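Here's the structure, in structure tokens; my notes come after.
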Amino acid sequence: QLGRWIALFCFVTGLSLAVERSAVREGDPYLRNQVKNTILKRAHELQSCYLKLLEHKPSKTDGRVKLDWQISTRGKVIDPAVVTSDFQNPAFEACLLQKLKAWTFPPPEEKTKYVAHLFHFRDDAVKP
């Protein structure tokens with residue numbers, strides 16, 4: 001696994017995870033700031049799921065996964081789900097959901113919040 005690591009917003013040599021965008025309402029500062037920052041800080045935790053996927057030498061090593069979930073008034077993740085996935089790999093997707101379920105976000109002030117986020121995975125060690 002040497003030479004593989006995670007990068008946010010850019011692709012570098014090794015394992016890349018681009019946190020591309022969050023499908024959140026522009027006008028909601030909670031989603032735009034606290035949620036986005038938490039995703040950026042914790043996205044590297046998804047690396048172990050991707051490395052497990054690569055161990056099985058899948059035909060597809062580059063792709064996107066869109067996850068959605070709710071954030072409770074206590075900051076806990078509720079009902080995480082895969083919306084779309086280029087990988088179509090149930091074990092990989094279950095691992096991502098398990099990691100996401102363990103995340104804690106700053107609690108929203110008023111009510112449960114809905115979040116959808118697109119993650120891009122790429123193994124830069126694979127040459128075209």
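The values are calculated or read from the model by the stated rules, or taken from the named source; none is laboratory data. From a predicted model like this one, the values you see are computed outputs, not experimental measurements. When we count neighbours, we look across all protein chains shown, and the Cβ atoms used for this are built from the backbone with ideal geometry, even at glycine. Quick note on the areas: whole protein, heavy atoms, side chains included, nothing else; ligands and nucleic acids left out. Shrake-Rupley method; radii C 1.70, N 1.55, O 1.52, S 1.80 Å.
If I ask for residues that are open to solvent by less than 70 Å² (accessible area, probe 1.4 Å) and either assigned to a loop (DSSP other than H, G, I, E, B) or without any contact (Cβ under 8 Å) to a residue 12 or more places away in the chain (or both), which ones from segment 69-94 would you list? Once the filter is applied, which keeps residues that are open to solvent by less than 70 Å² (accessible area, probe 1.4 Å) and either assigned to a loop (DSSP other than H, G, I, E, B) or without any contact (Cβ under 8 Å) to a residue 12 or more places away in the chain (or both), segment 69-94 yields SER72, GLY75, PHE87, ASN89, ALA94. A single entry from THR112, THR61, THR38 fulfils the requirement of being hydroxyl-bearing (Ser, Thr, Tyr) and touching a helix residue (DSSP H, G or I) at 6+ places or on another chain (Cβ under 9 Å): THR61. For segment 23-56, a residue qualifies if it is at pLDDT below 90 and not in a helix (DSSP H, G or I), and the qualifying residues are ALA23, VAL24, ARG25, GLU26, GLY27, ASP28.
Within the group LEU40, LEU46, which residue is open to solvent by 20 Å² or more (accessible area, probe 1.4 Å) and either within 16 Å of the chain's Cα centre (by Cα) or over 18 Å from LEU118 (Cβ atoms) (or both)?
Details: LEU46 fails: open to solvent by 20 Å² or more (accessible area, probe 1.4 Å).
Every option except LEU40 fails the conditions.
Within the group GLU55, GLU109, which residue is acidic (Asp, Glu), loosely packed, with under 14 Cβ neighbours inside 10 Å and without any contact (Cβ under 8 Å) to a residue 60 or more places away in the chain? Don't jump to the end; show me each part of the working.
On the way: GLU109 fails: without any contact (Cβ under 8 Å) to a residue 60 or more places away in the chain.
Answer to the check: GLU55.
Any residue at all in segment 96-106 that is farther than 21 Å from LEU40 by Cβ, of a type in the set (Lys, Arg) and outside any strand (DSSP E or B)? There is no residue in segment 96-106 that is farther than 21 Å from LEU40 by Cβ, of a type in the set (Lys, Arg) and outside any strand (DSSP E or B).
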